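S.K.: Structure incoming, see below.
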Amino acid sequence: MDLYEYQGKQVFARFGIPVSEGRLATTPEEARAAAEEIGGQVVVKAQVLTGGRGKAGGIKLAEGPADAEAKARDILGLDIRGHVVRKLWIEQASDIAKEYYLSITFDRGTKKPLYMLTTEGGIEIEQVAEENPDALARLHVDPFEGFQPYQARRLIYGAGIEDLNEQKQILGIIEKLYRCFVESDAMLCEINPLIVTPAGEVRALDSKFTVDDSALFRHPDIAEMRDVEAADPHERLAREKGVTYVKLDGEVGILGNGAGLVMSTLDVIALAGGKPANFCDLGGGGDAQGVTDALEIISADPQVKSILFNIFGGITRCDEVARGILQALERIEIDEPIVVRFDGTNAEEARRLIAEADRGELHVEPTMLDAAKRAVELAA
Ligand code: GDP
Ligand code: MN
């Protein structure tokens with residue numbers, strides 16, 4: 001789960017990482033009131049779950065309340081790479097002398113948290129890594145040993161931060177960020193930019209914060225931060241029903257059991273000349289309720305023109321899924337043709353059940369490729 005900038009900063013603040021004072025606003029009037037309370041110059045910042053807002057015109061300095069209202073009017077409703085701005089963070093403006101970058105993420109290769117620190121902040125870290133890799137200090141932390149203060153010093157020297165006053169503050173922030181990362185079950189905590197003000201004060205001016213979905217049950221306060229309105233309504237329905245669902249762009253709805261099978265089904269649809277509209281992973285749940293939930297979510301997407309069921313029976317028995325499909329069709333009305341392919345445990349029994357039911361909307365195909373071709377044909 002990705003947090004908005006302001007939410008990430010709220011979590012930072014809990015761990016003692018310095019951030020600027022700010023207020024949330026959803027209307028130009030609220031932005032004005034927030035600027036009045038904060039006083040002086042403020043920054044009006046679009047809250048969307050994507051980066052590069054500055055370049056897209058989603059971040060603007062305002063001289064005072066009236067200006068903040070005007071800037072809020074410009075930014076609200078803006079489309080930043082498919083994310084429409086509905087929330088603003090009004091923050092006390094900072095004077096910036098330097099922009100640094102600090103993050104912790106998981107390095108899957110070494111299975112360890114990885115720190116990155118550079119004085120080349122304010123721009124995308126990928127760009128720094130490509131154009132000026134020597135400027136990027138990287139350091140792994142052994143999760144069993146935990147953070148050690150010498151590691152922060154090594155990072156600071158590696159990045160070439162020479163000012164003693166900055167070193168002292170950044171040392172503290174590096175240590176706090178590790179606690180923040182571990183105790184929040186985060187996958188990424190990124191501060192870009194980490195600024196130094198002309199007075200020498202170091203502060204987190206932005207946050208990118210991703211929390212491991214599987215650990216959210218341990219963090220009800222963070223789970224609560226999820227913006228249900230911003231989510232795709234079908235993805236929301238899927239989450240409520242506990243179904244794995246992903247929205248895509250084509251016209252064939254896909255249901256499979258198991259992530260690997262679903263991924264290969266997407267490929268086979270492409271091979272057959274079609275495009276997947278979405279997919280659901282039934283996992284081990286082939287019972288009537290599981291199938292009904294998945295079918296309901298798949299078919300609620302208006303882009304779906306045909307549905308492909310690809311089931312490989314193992315522990316999940318094909319006949320159980322076949323019964324699930326038939327019962328689901330009794331419960332809900334599906335307008336799109338459904339192609340089914342069964343293989344593995346009790347596949348023959350499953351095909352017999354579907355044949356006996358003699359439903360016009362159900363098409364049985366013997367192989368994955370045949371099924372994909374049929375589904376693409378029916379979607380055309
Ligand atoms: P991003 O573009 O989505 O990464 O958003 P950021 O929060 O990182 O802001 C982008 C840029 O806006 C920063 O790198 C700063 O240069 C600038 N900016 C943001 N807040 C302030 C501020 O308080 N004062 C000044 N002077 N510039 C700011
Ligand atoms: Mn940023």
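S.K.: If the Cβ limit is 6 Å and pairs must be 6+ apart or interchain, which residue in segment 125-139 that is closer than 18 Å to LYS208 by Cα pairs with which residue that is assigned to a loop (DSSP other than H, G, I, E, B) and open to solvent by 70 Å² or more (accessible area, probe 1.4 Å)?
M.R.: VAL128/GLU120
S.K.: A further question on this structure: If we scan segment 234-245, do we find a residue that is open to solvent by less than 20 Å² (accessible area, probe 1.4 Å) and over 20 Å from the mean Cα position of the chain (by Cα)?
M.R.: No: segment 234-245 contains no residue that is open to solvent by less than 20 Å² (accessible area, probe 1.4 Å) and over 20 Å from the mean Cα position of the chain (by Cα).
S.K.: Something else now. Would you check which residues across segment 143-174 are in a loop (DSSP other than H, G, I, E, B), open to solvent by 20 Å² or more (accessible area, probe 1.4 Å) and within 30 Å of PRO220 (Cβ to Cβ) and list them?
M.R.: Within segment 143-174, PRO143, PHE144, GLU145, PHE147 meet the criteria.
S.K.: Another one. In segment 46-68, how many residues are in contact with an Asp or Glu (Cβ under 7 Å, 6 or more places away or on another chain) and without any contact (Cβ under 8 Å) to a residue 12 or more places away in the chain?
M.R.: So the count comes out to 0.
S.K.: Which members of segment 117-142 meet the condition of being under 24 Å from the mean Cα position of the chain (by Cα), outside any loop (DSSP other than H, G, I, E, B) and closer than 11 Å to ASN192 by Cα?
M.R.: Once the filter is applied, which keeps residues that are under 24 Å from the mean Cα position of the chain (by Cα), outside any loop (DSSP other than H, G, I, E, B) and closer than 11 Å to ASN192 by Cα, segment 117-142 yields LEU117, ILE125.
S.K.: Determine which single condition ILE104 fails, assuming it passes every other condition in (1) open to solvent by less than 20 Å² (accessible area, probe 1.4 Å); (2) assigned to a helix (DSSP H, G or I).
M.R.: Every listed condition holds for ILE104 apart from (2).
S.K.: Going by the structure shown, is VAL340 surrounded by 22 or more Cβ atoms within 10 Å (Cβ to Cβ) and in contact with a Phe, Trp or Tyr (Cβ under 6 Å, 6 or more places away or on another chain)?
M.R.: The answer is yes for VAL340.
S.K.: Also: Among the residues in segment 21-33, are any within 26 Å of GLU229 (Cα to Cα), at pLDDT 95 or above and within 16 Å of ligand 2 (Cβ to nearest atom)?
M.R.: The answer is yes, given that some residue of segment 21-33 is within 26 Å of GLU229 (Cα to Cα), at pLDDT 95 or above and within 16 Å of ligand 2 (Cβ to nearest atom).
S.K.: From LYS60, LYS111, LYS87, LYS98, grab the single residue that is of a type in the set (D, E, K, R), closer than 17 Å to ILE38 by Cβ and either within 16 Å of ligand 2 (Cβ to nearest atom) or loosely packed, with under 15 Cβ neighbours inside 10 Å (or both).
M.R.: LYS60
S.K.: β-branched (Val, Ile, Thr) and touching a Ser or Thr at 6+ places or on another chain (Cβ under 7 Å): does that describe ILE338?
M.R.: No.
S.K.: Kindly indicate the residue of segment 218-233 that is more than 17 Å from CYS180 (Cα to Cα) and of a type outside the set (A, V, I, L, M) and also least open to solvent (accessible area, probe 1.4 Å) among those meeting that condition.
M.R.: Out of the qualifying residues, it is ASP227.
S.K.: Which of (1) buried (at least 17 other Cβ atoms within 10 Å of the Cβ); (2) within 19 Å of GLU365 (Cβ to Cβ); (3) hydrophobic (A, V, I, L, M, F, W, C) does ALA288 not meet, given it meets every other one?
M.R.: (2)
S.K.: Right, next: Can you tell me which residue is nearest to ILE195 (Cα to Cα) among those in segment 1-53 that are in contact with a Cys (Cβ under 8 Å, 6 or more places away or on another chain) and open to solvent by less than 20 Å² (accessible area, probe 1.4 Å)?
M.R.: ILE17
S.K.: Kindly list, by first and then second residue, each pair from a residue in segment 347-358 that is more than 16 Å from ASN257 (Cβ to Cβ) and surrounded by 14 or more Cβ atoms within 10 Å (Cβ to Cβ) to a residue that is among the basic types (Lys, Arg) and modelled with pLDDT under 95, limited to pairs with Cβ atoms under 9 Å and residues at least 6 apart or on different chains.
M.R.: So the pair list comes out as GLU349/ARG317; LEU353/ARG323.
S.K.: Please find, among LEU76, LEU102, LEU49, LEU114, the residue that is farther than 25 Å from ASP212 by Cβ and of a type in the set (A, V, I, L, M, F, W, C).
M.R.: Of the residues listed, the single one that is farther than 25 Å from ASP212 by Cβ and of a type in the set (A, V, I, L, M, F, W, C) is LEU76.
S.K.: Filter segment 177-207 for residues that are among the charged types (D, E, K, R) and surrounded by fewer than 18 Cβ atoms within 10 Å (Cβ to Cβ); which is nearest to ligand 1 (Cβ to nearest atom)?
M.R.: Only one residue fits best here, namely GLU201.
The values are calculated or read from the model by the stated rules, or taken from the named source; none is laboratory data. These numbers were taken from a predicted model, which means no experiment stands behind them. Using ideal geometry, Cβ is built from the backbone for each residue, glycine included, and neighbour counts are taken over all protein chains shown. Please note that ligands, DNA and RNA were not included when accessible areas were found on the heavy atoms of the full protein model with its side chains. Shrake-Rupley method; radii C 1.70, N 1.55, O 1.52, S 1.80 Å.
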